[in-house]
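**Student:** This is the structure I want to talk about, given as structure tokens.
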Amino acid sequence: MAKNTSNYNLKKPSSEDFYNVEDQNGNMDIIDQQLERLNEDNQNTDLKISSVSSNLSSHLSDYVRQPGYAISTGVANTYLATLNPAPANYVDGMGIVVKINVANTGASTLNVNGIGAKPIIDSKGYQIQAGKLLYGRIYSLKYDGANFQLQGEGGEIPKLSNLIVNGDIKDSSMWTAIYGTLSASSNILNVTGNGTNNWVYAHNPGILMYRGGTGRKIWVSVRIRVTNSVCNQIALYVSNGTISPQLPTLTSPIQNVWYQMRGIIDLTMENNFRLYTRAGYPDAATANGKMMQVKDVMMFDLTEYFGTGNEPTAEEVAIMVDKKGVNLFDGELKLGIINIANGVPGPDDTRMRSRNFIPVTPSTNYVASINGVAANMAFFYYDQNKTFISYTTNSQGLFSTPANTYFLKIRTITAGDNNIYAHVQVELGSTITPFEYYLKYDWWDSDLKLLTSDANAWSSDILNNKIAYVNGSRLVGSMINRTVENNNQLALDRYANGSGRLSLRPPGGYYDGSATSWVYQDDANFIPANIVSGKSIFGLTGTFSGKRWQFGTIVAVISQPFTLTGLPFKPSKVFLEYKEPYKSGYGVVSSTADLGTGSGGLFYYFLGSGGLSSQINAMTNDGFYISSDFFNGNTGNWYYRAYE
């Protein structure tokens with residue numbers, strides 16, 4: 001008997017069935033129908049795949065929705081990039097992420113797929129400055145219809161702190177000579193050999209003396225020359241006494257030629273690195289009286305500023321360092337006026353003024369601008385003591401400082417000119433140049449050193465990981481913050497002076513004085529049970545209720561009574577003892593009421609219960625009284641013990 005297939009219901013005759021042509025034809029019809037359906041499905045799938053492929057291509061070329069990525073080619077300042085798929089043209093909002101192949105040295109352009117070179121600007125709309133694009137770094141840019149705008153950047157050159165104190169050689173302070181003597185003039189350090197060695201050194205500890213650190217990259221730079229023709233070599237390096245990583249040595253320097261030695265040094269050990277300059281001679285006698293000169297010394301901790309693995313190359317740092325800023329204004333604006341009569345800032349209004357003094361040079365021409373345009377401004381002049389001198393105004397931003405002017409303040413004149421976020425620039429000369437961000441102080445930090453020249457802190461005086469500037473140099477604190485620890489610091493020592501004072505010596509570190517900043521020492525005897533009830537010692541109230549006692553000396557005088565006061569309690573019994581000078585030995589009496597002479601010349605007496613009559617001897621609230629009859633001629637020292 002025939003059966004049917006499970007999927008398409010085709011008839012399957014059994015072995016005993018006769019062939020039936022109708023069954024065969026029916027099966028063929030079913031197969032034909034199913035094959036036609038498969039063909040239609042395949043055609044639909046092809047259409048769908050084609051649609052998806054088209055959408056994907058559109059998506060990949062949509063650089064507005066997602067930026068493309070490219071590694072730039074070309075030369076510094078003129079960058080090329082190729083995207084795949086290639087954009088047909090630039091559109092507003094188009095984004096590109098570029099890995100820079102060479103650092104820029106000035107204003108730069110980007111040309112994508114040959115469409116055309118467009119300026120690269122910062123997020124504030126100004127062309128980027130030298131050193132803004134660093135080799136190997138990745139930058140995101142957006143096309144704004146005319147320029148490629150750098151995303152997430154302010155356009156300013158990073159200010160690296162020079163770790164060398166007195167790197168501009170104002171004098172010879174902070175420098176030390178080895179096998180030679182030092183002097184300084186005209187910002188040049190003179191190092192003269194003394195004939196005790198063929199090497200002559202000068203070193204400066206800088207901040208690395210206190211910081212150092214394995215894995216740090218340090219950029220160093222110095223200008224060196226020798227004033228003789230017999231020097232074999234000059235070198236620049238850092239050393240902690242164990243290792244001395246250095247830049248390549250320069251051999252056979254030419255007399256009176258300045259050599260700039262600069263580069264990156266990798267530190268492989270911790271702490272106590274100093275910067276050294278060195279000149280070598282054939283022998284000690286030759287080195288005697290020969291001079292090496294040093295100037296323009298800089299040392300930057302690149303790892304501290306940029307982070308491990310993100311340090312720029314030596315060439316990129318050189319571009320940043322060699323960049324000279326023209327803008328003298330620090331950019332700090334506030335609303336308000338300046339009084340034209342006395343140069344004193346006035347109340348807020350619809351104009352703006354500089355917040356701080358601007359250093360200037362006497363008898364010099366300057367120009368001020370706002371957002372790259374000549375500004376109608378008032379200029380206020382001050383002497384070296386910042387005492388007001390006079391003021392001028394100019395609609396083109398031009399002014400000339402009086403002969404005794406060393407500081408300046410500015411304000412706008414037009415009411416409503418109060419955009420305190422505007423780009424204000426004050427520069428030498430009479431020509432307005434493109435805006436540049438203010439470098440707060442030059443690489444020598446001269447202004448900073450002047451402001452902090454009387455500072456005398458060390459890193460151990462500054463809280464751990466806090467940063468300060470001392471004598472113009474950057475210090476990272478190392479003082480332990482005890483407040484953030486477990487708030488229970490064991491005192492190193494204690495001292496009790498016996499007059500009511502207990503002193504504890506805490507471990508070194510910072511304590512903020514809050515309720516959680518404690519130091520302590522343990523003493524098992526410092527408990528309430530060891531303190532008399534009613535008394536408190538350092539806030540601990542006593543619970544001891546036992547009897548107190550005190551001993552002392554009574555000086556007896558013939559025919560005179562004796563009164564003792566000042567006991568911290570009212571005595572109930574007093575034990576008296578007298579020993580005649582000519583007697584020897586000690587005796588014992590068997591009765592507390594014994595008024596006689598004990599063996600060996602000792603006399604024992606008790607006052608109070610069981611003792612002498614209260615009419616003759618009496619207790620007081622803080623002592624006792626003895627009548628003149630009691631002593632019976634036994635003058636001199638009597639000894640007492642009074643019991644509560």
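**Student:** When only the heavy atoms of the protein chains count and the probe is 1.4 Å, how do 183, 499 rank by accessible area, highest first? Spell out each step's value before the answer.
**Tutor:** Details: 183 55, 499 100 Å².
Of 183, 499, the descending order of accessible area is 499, 183.
**Student:** Longer than 32 Å from Cα to Cα, which of 99/295; 535/573; 132/386 are they? Say none if no pair is.
**Tutor:** Values: 99/295 36 Å; 535/573 23 Å; 132/386 36 Å.
Pairs exceeding the cut-off: 99/295; 132/386.
**Student:** Let me ask something else. Please list the non-local residues whose amide H lies under 5 Å from the amide H of residue 624, H modeled 1.01 Å from N, same-chain partners needing a gap of 5 or more.
**Tutor:** 564
**Student:** Here's another thing I want to ask about it. Amide H of residue 176: which non-local residues (sequence gap of 5 or more, or other chain) have their own amide H closer than 5 Å, using H built in the peptide plane?
**Tutor:** Amide H neighbours of residue 176, under 5 Å, 5+ apart: 203.
**Student:** With a 1.4 Å probe and every protein chain kept in, tell me what percent of the accessible surface of region 333-428 is carbon plus sulfur. Before the final figure, lay out each step's value.
**Tutor:** On the way: 2250 of 4420 Å².
For region 333-428, the apolar C and S fraction of the accessible surface comes to 51 percent.
**Student:** Follow-up. What ranking do 503-514, 380-391 get when scored by the average of other Cβ atoms within 10 Å per residue, highest first?
**Tutor:** Details: 503-514: 12.6, 380-391: 15.6.
Ranked by mean Cβ neighbours within 10 Å, highest first: 380-391, 503-514.
**Student:** So how do 516, 251 rank on accessible area, 1.4 Å probe, biggest first, that is with the largest at the start?
**Tutor:** Numbers: 516 60, 251 90 Å².
Per-residue accessible area, sorted high to low, gives 251, 516.
**Student:** Under the definition of Cα pairs under 8 Å and six or more residues apart, what whole-number percent is the relative contact order of region 176-321?
**Tutor:** Details: 362 pairs, mean separation 50.7, N = 146.
It comes to 35 percent, rounded to a whole number.
**Student:** Here is a follow-up. Rg (Å, one decimal) plus Dmax (Å, integer) for the alpha carbons of region 305-357?
**Tutor:** Here Rg and the maximum Cα pair distance are 19.4, 56 Å.
**Student:** Roughly what would the spin-label model give for residue 11 and residue 364, points 7 Å off Cα along C-beta, in nm?
**Tutor:** Going from the residue 11 label point to the residue 364 one covers 11.2 nm.
**Student:** Can you find, among 492, 542, 521, the residue farthest towards the positive end of the dipole of region 485-542? Put +1 on the C-beta of Lys and Arg, -1 on that of Asp and Glu.
**Tutor:** 542
**Student:** Between residue 464 and residue 64, what FRET efficiency follows from the Cβ-Cβ distance if R0 is 41 Å, with the result rounded to 0.05? Could the numbers behind the result be given before it?
**Tutor:** On the way: r = 48 Å, r/R0 = 1.18.
Calculated transfer efficiency: 0.25.
**Student:** Here's another thing I want to ask about it. Given 329, 341, 314, which one lies farthest toward the positive end of the charge dipole of region 304-355, if we put +1 on the Cβ of every Lys and Arg and -1 on the Cβ of every Asp and Glu?
**Tutor:** Of the candidates, 341 comes out farthest on the positive side.
**Student:** For a 21 Å ceiling on Cα separation, which of these pairs sit above it: 118/142; 547/570; 334/466?
**Tutor:** Values: 118/142 11 Å; 547/570 11 Å; 334/466 29 Å.
From 118/142; 547/570; 334/466, over 21 Å: 334/466.
**Student:** Keeping all protein chains in place, calculate the accessible area per residue for region 485-542 (probe 1.4 angstrom), answer in Å². Walk me through the intermediate numbers first.
**Tutor:** Numbers: 4260 Å² over 58 residues.
Computed with neighbouring chains in place, this is 73 Å² per residue.
**Student:** Which peptide among 287-298, 549-560 comes first, and what is the full order, when sorted by highest mean count of other Cβ atoms within 10 Å?
**Tutor:** Values: 287-298: 21.2, 549-560: 12.6.
Answer by packing, highest mean first, reads 287-298, 549-560.
**Student:** If I stretch the segment between residue 545 and residue 105 completely, what's the gain in nm (0.36 nm per residue apart, minus their alpha carbon distance), one decimal?
**Tutor:** Values: separation 440, 0.36 × 440 = 158.40 nm, distance 8.82 nm.
My answer for the length gained is 149.6 nm.
**Student:** Please list, in chain and number order, the residues 5+ apart from residue 233 or on another chain whose amide H is under 5 Å from its amide H, with Hs placed from the backbone.
**Tutor:** Counting only residues 5 or more places away or on other chains, the set is 252, 280.
**Student:** Give me the dipole magnitude in Debye, nearest 20, for region 222-287 about the Cα centre, with unit charges on the beta carbon: positive for Lys and Arg, negative for Asp and Glu.
**Tutor:** Working: 5 positive and 3 negative charges, 50 e Å.
Result for region 222-287 is approximately 240 debye, rounded to the nearest 20.
**Student:** Any idea how far apart residue 532 and residue 620 come out in nm if each label point goes 7 Å out from Cα toward Cβ?
**Tutor:** Taking the simple label geometry, residue 532 and residue 620 are separated by 1.8 nm.
**Student:** Moving on to the next point. Each label point is 7 Å from the Cα along the Cα-to-Cβ direction; what then is the distance between the points at residue 171 and residue 37, in nm?
**Tutor:** Taking the simple label geometry, residue 171 and residue 37 are separated by 10.2 nm.
**Student:** With θ set to phi - 60°, apply the Karplus curve 6.51 cos²θ - 1.76 cosθ + 1.60 along region 526-538 and write out the HN-Hα couplings as whole Hz, x wherever there is a Gly or Pro.
**Tutor:** Calculated HN-Hα couplings, in order: 8, 9, x, 5, 9, 10, 4, 3, x, 10, 10, 10, 6 Hz.
**Student:** So what J values fall out for region 426-431 if you push phi through Karplus, 6.51 cos²θ - 1.76 cosθ + 1.60 with θ = phi - 60°, rounded to Hz, Gly and Pro as x?
**Tutor:** So the Karplus estimates, Gly and Pro as x, are 10, 9, 5, x, 10, 10 Hz.
The values are calculated or read from the model by the stated rules, or taken from the named source; none is laboratory data. Please read all numbers here as calculations on a predicted model, not as lab measurements. Ideal geometry is used to build each Cβ from the backbone, glycine not excepted, and the neighbour counts take in all protein chains shown. Each accessible area value is taken on the protein alone, full model and side chains, heavy atoms only, with ligands, DNA and RNA left out. Shrake-Rupley method; radii C 1.70, N 1.55, O 1.52, S 1.80 Å.
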